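Worksheet: the structure to be examined is printed underneath.
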Amino acid sequence: MKYLFRDRFGGVSQKPFDSLNLALHVGDNALHVEENREIFAKDIGAKNLVFMDQVHGDHIEVIRDVNIKKVLKTDAMISNLKDIALCVMVADCIPVLFFDEVKNVIGVAHAGRSGVKKKITVKTIQKMISEFSSKTQDIKVILGPSIQKCCYEVKKDVVIGFENYIHVKNEKIYLDIVSKCIDDLKNFGVKSENIEAVPVCTRCDKKYFSYRRDGSTGRFCGAIKL
Ligand SMILES: [Zn+2]
């Protein structure tokens, strides 16, 4: 298994997408994006990259075709195929990767506030169990760089469901969706030692694209392959 959270440098996109933007939907030159995706495929060592047309929903697709490039209206994917890398595009949302080393199954999920609220990570594991007979205790989960509690300021009306995961500073409300995501996984039965969260805030660390920091910008990827 190999995985990667790719920083935004080393690509060919021009401002404001510079430079390794992997998203076609943000207004960047499509030829630049394709070239960046080739660079990314080499970085992770995959013959084919599978992307999702992410919609903040909770549909989980099972990938059974090594040549598929894109899945529509999907926020998570699982597979047991070799040579492909499952990719999740983000710029502040949490890129979540899954690995069952016993059954050799991989997965990715796009977890923003809405995905965390819908428990997309738990649903992805349930799908690994139903499709590939994975066992919860064998599954490792890695949460990549995302906007953290230091920077995720929100309006009062979106805290419903996150009451235990907010803090107030200078009368501003901040959410900690990473902790909520981790607690949901633990409550489902994922072992603490099998959950890893990269302690990097995308809005603070300019190595990564951040929608909150930059507005019109590119997307980086978390990817995993067998
Ligand atoms: Zn921050």
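Data table
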read-out	value
Nearest-20 debye value, the stretch 148-226 charge dipole, Cβ charges on Lys, Arg, Asp, Glu	340
Relative contact order of the stretch 108-178, pairs being alpha-carbon contacts under 8 Å that are 6 or more residues apart, as %	27
Average accessible surface area per residue within the stretch 33-166, 1.4 Å rolling probe, Å²	43
Ordering of 156-167, 139-150 by burial proxy (mean other Cβ atoms within 10 Å per residue, highest first)	139-150, 156-167
Rough spin-label spacing in nm, given labels placed 7 Å along Cα→Cβ, for residue 200 and residue 179	2.3
Choice from 171, 153, 61 showing the highest fluctuation, given a GNM over the chain with Cα pairs closer than 10 Å	171
Unsatisfied cross-links (Cα-Cα over 19 Å) in the set 42/69; 73/186; 73/118; 47/82; 119/140	73/186
Accessible carbon and sulfur surface of the chain relative to its total accessible area, %, 1.4 Å	48
Fluctuation leader among 46, 91, 109 - the chain, Gaussian network, Cα springs under 10 angstrom	46
Debye, to nearest 20: dipole size of the chain, +1 on Lys, Arg Cβ, -1 on Asp, Glu Cβ	160
Interchain or long-range residues, amide H under 5 Å from residue 197's placed H	143
Within-14-Å neighbourhood charge of residue 122 [Cβ basis; K, R +1; D, E -1]	+3
Global form of the stretch 1-156, assessed from the alpha-carbon gyration tensor, a/c cut-off 1.5	oblate
Exposure rank, largest accessible area first [72, 185; 1.4 Å]	72, 185
Cα gyration tensor category, rounded, prolate or oblate, for the stretch 43-107 with a/c compared to 1.5	rounded
Gyration tensor (alpha-carbon) shape descriptor, the stretch 1-90, a/c threshold 1.5	oblate
Relative contact order of the stretch 76-200, pairs being alpha-carbon contacts under 8 Å that are 6 or more residues apart, as %	25
Relative contact order (%) - criterion: Cα under 8 Å, at least six apart; region: the chain	26
Highest-fluctuation residue, 126, 54, 137 considered, GNM on the chain with Cα pairs under 10 Å	137
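The values are calculated or read from the model by the stated rules, or taken from the named source; none is laboratory data. Everything numeric here is computed off the predicted structure, so don't read it as measured data. As a convention, Cβ positions derive from the backbone with ideal geometry for all residues, glycine included, and neighbour counts pool all protein chains shown. For the accessible areas, the whole protein counts, side chains as well, though only heavy atoms, and no ligand, DNA or RNA atoms are used. Shrake-Rupley method; radii C 1.70, N 1.55, O 1.52, S 1.80 Å.
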